[in-house]
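Worksheet for the structure shown next.
The values are calculated or read from the model by the stated rules, or taken from the named source; none is laboratory data. All values reported here derive from a predicted model rather than from experimental measurement. Heads up, the Cβs are rebuilt from the backbone with ideal geometry, glycines too, and the neighbour counts pull from every protein chain shown.
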Amino acid sequence: MTGTVPTSTLRARAEIDLGALRGNVRALRARLAPGAGLMAVVKSDAYGHGALPCARAALDAGASWLGTATPHEALALRAAGIRAPVLCWLWTPGDPWREAIEAGLDMSVSGMWALREVTDAARAAGRTARIQLKADTGLGRNGCQPADWPELVAAARAAEVAGTVRVTGLWSHFARADEPGDSSITAQLDVFHELVAYAEKAGVEPEVRHIANSAAALTLPDSHFDLVRTGIAVYGISPSTELGTSAELGLRPVMTLAASVALVKRVPEGHGVSYGHRYHTPAETTLGLIPLGYADGVPRHASGRGPVLVGGKVRRVAGRVAMDQFVVDLGTGPDADAVQEGAPAVLFGPGDRGEPTAADWAEAAGTIAYEIVTRIGPRVPRVHVNGQEGHEDGAAGDRDGAGHREAGAGR
Ligand SMILES: Cc1ncc(COP(=O)(O)O)c(C=O)c1O
């Protein structure tokens, strides 16, 4: 979607409060161990919040790095003029190594195949590639196994000597940092210390060593090294209920998902609602139709449970969430009568205006808040507000070429 769309006419919108995002970055930076910088993780379109405006706001607030999963996400940041250091970590054979080298990206290397592809590309480009060696210290996902580390480090050092690569980073990722006290956390830290020491002894001089995600950034100063890679906390969401709520962690949720009520109607007692009739009205009542569905990322698993603020009260999804719409039972009485077509329905937001939070939806759907925000679909325009420092209303927030309250900016 292009062009400025007045928010009041939108079927639905995800309002992205860039002022809150900047506040979260500052709050996180204040908690870092001395000397540690902050990477804002903006993969998956900044967890659904819009990569470009979020990347810019995070850099404004003092993030020194950006992180993406795919090289394409990182190249899109460069194409938009972002010059800050960017690490991208999820590579598959045949990916655009040469473009990444020419764009000055840092590329994660977890195995010998990747080192071969990046050195070939560096030779072809006549440039030195910036690579970061990733170790699997226990997550069991991406990263080089400790047993294979000596071979990878030796080959990377040889490539450094040949001038094709520069090893700018040594890094890893936690499996259970959101479960404070879990024994895997110290075990992974121990392995990381060993693998870093091994590489440094072999001659690697990394600019950055890093292992901490949001949970570790918030709870484990010993894991901060030179950099933390924070994603979910930048968007104001607690990594897990075990760590506390956003407010308890000093964070403010950035995304508010709202829709305009599409239809209000009176129905008799016993009326079946939505596919499968999983809800029957217990009495004569008023139903409100909310024009958002699972195509927009509203989880079908939250059928019968998802909370929505409409007409001053939190209601539950009545019956099944469909592809494009769901229904709430507004009940009877003056607050139900006051709801008309066009009234706002807020699915989630920061939570301090009586609305539910993404964490509430995660609980209702049996998932994590990461998934709730990240899966909000492309049909829902992102409306970025408070785009520039000192502009409470978001006016003049035009650095992404989008303008004030631009729907779909940065997507
Ligand atoms: C490698 C890596 N680092 C950092 C992050 C950020 O994690 P979080 O959003 O929990 O801060 C992620 C996200 O999954 C990741 O895959």
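List the strands (runs of 3 or more DSSP E) that sit entirely inside the range 155-233 and contain at least 1 residues that are closer than 22 Å to residue 69 by Cα and in contact with a Phe, Trp or Tyr (Cβ under 8 Å, 6 or more places away or on another chain).
Passing ranges, in order: 208-212, 227-230.
Looking only at the range 219-244, filter to residues that are of a type in the set (D, E, K, R) and more than 11 Å from the ligand (Cβ to nearest atom); which one of those is nearest to residue 54 (Cα to Cα)?
Among those residues, the one meeting the criterion is 226.
Kindly check whether there is at least one residue in the range 187-208 that is under 15 Å from residue 36 (Cβ atoms), modelled with pLDDT of 95 or more, of a type in the set (Val, Ile, Thr) and touching a His at 6+ places or on another chain (Cβ under 9 Å).
Within the range 187-208, none of the residues are under 15 Å from residue 36 (Cβ atoms), modelled with pLDDT of 95 or more, of a type in the set (Val, Ile, Thr) and touching a His at 6+ places or on another chain (Cβ under 9 Å).
Being in the same structural domain as residue 293 (by TED's automatic domain parsing) and more than 12 Å from the ligand (Cβ to nearest atom) narrows it down to one of 247, 202, 259, so name that one.
259
Looking only at the range 337-350, filter to residues that are surrounded by fewer than 21 Cβ atoms within 10 Å (Cβ to Cβ) and not charged (D, E, K, R); which one of those is nearest to the chain's Cα centre (by Cα)?
350
Any idea which of 82, 131, 101 is more than 15 Å from the ligand (Cβ to nearest atom) and either under 19 Å from residue 230 (Cβ atoms) or among the charged types (D, E, K, R) (or both)?
Selected residue: 82, the only one of 82, 131, 101 that is more than 15 Å from the ligand (Cβ to nearest atom) and either under 19 Å from residue 230 (Cβ atoms) or among the charged types (D, E, K, R) (or both).
Determine, yes or no, whether residue 148 is of a type in the set (Asp, Glu), more than 16 Å from the ligand (Cβ to nearest atom) and either within 19 Å of residue 199 (Cα to Cα) or buried (at least 24 other Cβ atoms within 10 Å of the Cβ) (or both).
Spelling it out, residue 148 is indeed of a type in the set (Asp, Glu), more than 16 Å from the ligand (Cβ to nearest atom) and either within 19 Å of residue 199 (Cα to Cα) or buried (at least 24 other Cβ atoms within 10 Å of the Cβ) (or both).
Residues of the range 57-85 being within 19 Å of residue 373 (Cβ to Cβ) and part of a helix (DSSP H, G or I), which ones?
Those that are within 19 Å of residue 373 (Cβ to Cβ) and part of a helix (DSSP H, G or I): 57, 58, 73.
For the range 95-129, which positions are free of Cβ contacts under 8 Å to residues at least 12 places away in the same chain and either touching a helix residue (DSSP H, G or I) at 6+ places or on another chain (Cβ under 9 Å) or crowded, with 22+ Cβ neighbours inside 10 Å (or both)?
Selection gives 116 alone.
Give 156, 177, 187 a once-over and let me know the one that is within 16 Å of the ligand (Cβ to nearest atom) and either surrounded by 15 or more Cβ atoms within 10 Å (Cβ to Cβ) or in contact (Cβ under 8 Å) with a residue 40 or more places away in the chain (or both).
Selected residue: 177, the only one of 156, 177, 187 that is within 16 Å of the ligand (Cβ to nearest atom) and either surrounded by 15 or more Cβ atoms within 10 Å (Cβ to Cβ) or in contact (Cβ under 8 Å) with a residue 40 or more places away in the chain (or both).
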